[in-house]
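The values are calculated or read from the model by the stated rules, or taken from the named source; none is laboratory data. As the structure is a computational prediction, the values presented were derived from the model and not from experiment. Every residue, glycine as well, gets a Cβ built from its backbone with ideal geometry; the counts of neighbours run over all protein chains shown. Remember, those area values only see protein heavy atoms, side chains included, never the ligands or the DNA or RNA. Shrake-Rupley method; radii C 1.70, N 1.55, O 1.52, S 1.80 Å.
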Amino acid sequence: EKGGHRHFMAKEIAEQPTVLGDALAHYLRGDGIELPAPGLDFADFDRVVMVACGTANYACVVAKYWFEQIAGLTVEVDIASEFRYREPPIPPRTLALFVSQSGETADTLAALRYCEGKASRIASVINVTESSIARESDLVLPIRAGAEIGVASTKAFTCQLTVLFLLALKAAADRSRLEEGELEEHLEAMRRLPGLMNFALAQSTEVAAVAKAVSEARDVLFLGRGSMFPLALEGALKLKEISYIHAEGYASGELKHGPIALVDKTVPVIVMAPTDGLFDKTVSNMQEVMARGGKVLLITDPEGARAAGEGCWKTLIMPEVPGALAPILYALPAQLLAYHAAVAKGTDVDQPRNLAKSVTVE
Ligand code: M6R
């Protein structure tokens, strides 16, 4: 049942090119997107509020960058356990969007119920379609990841991102924000993702070697800018939940506002930086870390490694990927790093202590 893998998590990481390819085959028709979203028109909304927990929340934070940049639409993201008790006003023309792998997370379900009768429409991005959140939504967008058994969410995260990206493109189209040929370019890039993911997975052995060293650390920092910031949060969550190593994710620009005080030669600092418009800024933050003796693991593309790899403790090279899609691809080295660090520490990878796959109590 683990398909020859030692853990469900390893199987689920390895499955990503296939499940993502299948999801794309399902949602891309000819040269357009076909989401099961009858009557959904983003011209009807001024605002989207996205609510979720844990990894699903980080998928929403990535999506915020996409919706704002590609569709020019205001997005607020909240964690369900805060949102549900805060009594946030829900103005008219708001789409409320809930993201959940299990569809049973108690706080996310309660947040959805709070929005009933207030939001113009309630949609959910769900893996388990026979679930409470799916049942109570006006509109369900399945991520089609297949059963995810490992407590650490992996393929559900990249499939959530995929559906959210397609949704952001639909929002851009509905709001006439796309230039001639832009949609085709994005879709073409999406179709290349499964192949790029295979390249990333092929580096599992290199990642395992780095993870062995990381597994000896007490604290680890993850840094990213732009849509790589939520990836830094996700990388830290993944590492802490299965290896029990203390890890924090920060926006690179926040480093000098506090966390740089933690940096010394015992703290690995994992910098996730594809060569995009923010690369130079991230590199200058990275150099501040190195100047203080920090051990930097730079995860970047070949051009980034040429430009900034010198002096880093380690470098992991991902294939080049169009900027918007980098968070989907860079999720893989983050998952592999956590996985191999946990294996090196001998923890129970699929059933980490104190955690449940689906959090049905608040
Ligand atoms: O089933 P859900 O997507 O609603 O679950 C949300 C979180 O409990 C979940 O993502 C959790 O953070 C994972 N263990 C992270 O790997």
Checklist line | Output for region 132-154, where each listed residue is open to solvent by 10 Å² or more (accessible area, probe 1.4 Å) and β-branched (V, I, T) | finding: V140, I149, V151
Margin query: Please count how many residues of region 328-357 are under 15 Å from K11 (Cβ atoms), part of a helix (DSSP H, G or I) and β-branched (V, I, T).
Written below: 1
Notebook entry, point to check: When both residues are 6+ apart or on different chains and their Cβ atoms are under 7 Å apart, which pairs have a first residue that lies in region 238-253 and is on the phi < 0 side of the Ramachandran plot and of a type in the set (F, W, Y), and a second that is at pLDDT below 95 and assigned to a helix (DSSP H, G or I)?
Noted result: Y250/P259
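Residues to consider are A52, A37, A10; find the one that is in contact (Cβ under 8 Å) with a residue 24 or more places away in the chain and within 14 Å of the ligand (Cβ to nearest atom).
Details: A37 fails: within 14 Å of the ligand (Cβ to nearest atom); A10 fails: within 14 Å of the ligand (Cβ to nearest atom).
On inspection, the qualifying residue turns out to be A52.
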Margin query: Looking only at region 313-338, count every residue that is under 16 Å from V207 (Cα atoms) and open to solvent by less than 20 Å² (accessible area, probe 1.4 Å) and tell me the total.
Written below: 12
Next item on the list: Spot the failing condition for L109; the list is (1) away from the ligand (no atom under 13 Å from the Cβ); (2) buried (at least 21 other Cβ atoms within 10 Å of the Cβ); (3) free of Cβ contacts under 8 Å to residues at least 60 places away in the same chain; (4) assigned to a helix (DSSP H, G or I), and only one is missed.
Entry: (1)
Check: If a residue has to be at pLDDT below 95 and either under 23 Å from the mean Cα position of the chain (by Cα) or among the β-branched types (V, I, T) (or both) to count, how many in region 304-346 make the cut?
Finding: 3
Notebook entry, point to check: How about region 1-101: which strands (runs of 3 or more DSSP E) wholly inside it have at least 1 residues that are open to solvent by less than 60 Å² (accessible area, probe 1.4 Å) and acidic (D, E)?
Noted result: 74-79
Margin query: With the requirement that a residue be open to solvent by 10 Å² or more (accessible area, probe 1.4 Å), more than 16 Å from the ligand (Cβ to nearest atom) and closer than 30 Å to I70 by Cα, what does region 194-233 give you?
Written below: P194, G195, L196, N198, F199, L201, R225, G226, S227, F229
Next item on the list: Name every residue in region 115-164 that is within 14 Å of the ligand (Cβ to nearest atom), without any contact (Cβ under 8 Å) to a residue 40 or more places away in the chain and small (G, A, S), in order of residue number.
Entry: S124, S131, S132, A134, S137, A147
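Please work out which residue is nearest to V267 (Cα to Cα), limiting yourself to region 302-319 and to residues that are in contact with a strand residue (DSSP E or B) (Cβ under 9 Å, 6 or more places away or on another chain) and part of a loop (DSSP other than H, G, I, E, B).
Step one: filter region 302-319 for residues in contact with a strand residue (DSSP E or B) (Cβ under 9 Å, 6 or more places away or on another chain), giving 302, 304-305, 307-309, 311-318.
Imposing the further condition that a residue be part of a loop (DSSP other than H, G, I, E, B) reduces the set to 309, 311-313, 318.
Numbers: G309: 18, G311: 16, C312: 13, W313: 11, M318: 23 Å.
Out of the qualifying residues, it is W313.
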Note to self: Of the residues V61, V75, only one is in contact (Cβ under 8 Å) with a residue 24 or more places away in the chain, under 23 Å from the mean Cα position of the chain (by Cα), away from the ligand (no atom under 16 Å from the Cβ) and under 21 Å from L233 (Cβ atoms); which?
What the structure shows: V75
Notebook entry, point to check: Among the numbered criteria (1) in contact with a Gly (Cβ under 9 Å, 6 or more places away or on another chain); (2) of a type in the set (A, V, I, L, M); (3) not in a helix (DSSP H, G or I), which single criterion is violated by M286?
Noted result: (3)
Note to self: So, in region 234-268, how many residues would count as being among the charged types (D, E, K, R) and within 16 Å of the ligand (Cβ to nearest atom)?
What the structure shows: 5
Notebook entry, point to check: Does region 252-306 hold any residues that are closer than 21 Å to V214 by Cα, of a type in the set (K, R) and surrounded by fewer than 16 Cβ atoms within 10 Å (Cβ to Cβ), and which are they?
Noted result: K265, R292
Next item on the list: State yes or no: is E180 within 16 Å of the ligand (Cβ to nearest atom), over 30 Å from T347 (Cβ atoms), out of contact with any strand residue (DSSP E or B) (no Cβ under 6 Å at 6 or more places or on another chain) and open to solvent by 50 Å² or more (accessible area, probe 1.4 Å)?
Entry: no
Note to self: Taking the criterion of being more than 21 Å from H246 (Cβ to Cβ), of a type in the set (G, A, S) and in contact (Cβ under 8 Å) with a residue 24 or more places away in the chain, would at least one residue in region 299-306 satisfy it?
What the structure shows: yes
